[in-house]
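Accompanying notes for the structure given below.
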Amino acid sequence: MSGGSFDYLYAKDADQLPEVIHQIEQMADALDGMGQHMLAVRTRAVKVRYDEYMAKQQKEMDHLREVWRAIEMWYSCDSDEAGARKVIEKYWGIDQP
């Protein structure tokens, strides 16, 4: 017997969550099917917390995107430090003439 019906979900670590979200849902459904509703709830909570975390991280990344672009353009020699600093000042709400 080898297993693998849930892609060896039991052997995965948290850093592999993006790869196993589907299996987590399937496992929760299987637990529900067995009448193990509290285990299904706890299993689904892993996905819910992951989704919340990802949404929070996306919001933060979107907030920083303009600054990151300015720094990348400067380091790639497509802009200069003054341009990057202007974007950073705008980020902090500092108006410069």
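Can you find, within region 70-86, the residue that is surrounded by the fewest Cβ atoms within 10 Å (Cβ to Cβ) among those that are touching a residue at least 12 places away in the same chain (Cβ under 8 Å) and within 30 Å of residue 18 (Cβ to Cβ)?
Out of the qualifying residues, it is 71.
Across region 87-97, which residue is modelled with the highest pLDDT among those that are surrounded by fewer than 11 Cβ atoms within 10 Å (Cβ to Cβ) and not β-branched (Val, Ile, Thr)?
That would be 92.
Test residue 28 against the criterion of being touching a residue at least 12 places away in the same chain (Cβ under 8 Å) and either in a helix (DSSP H, G or I) or over 23 Å from the mean Cα position of the chain (by Cα) (or both), and give yes or no.
yes
Being in a helix (DSSP H, G or I) and free of Cβ contacts under 8 Å to residues at least 24 places away in the same chain is the filter here; which residues of region 1-17 pass it?
The answer is 9, 10, 11, 14, 15, 16.
For region 17-50, enumerate the residues that are surrounded by 15 or more Cβ atoms within 10 Å (Cβ to Cβ), farther than 14 Å from residue 6 by Cα and among the β-branched types (Val, Ile, Thr).
46
The values are calculated or read from the model by the stated rules, or taken from the named source; none is laboratory data. As the structure is a prediction and not an experimental result, all values here were calculated from the model. Every residue, glycine as well, gets a Cβ built from its backbone with ideal geometry; the counts of neighbours run over all protein chains shown.
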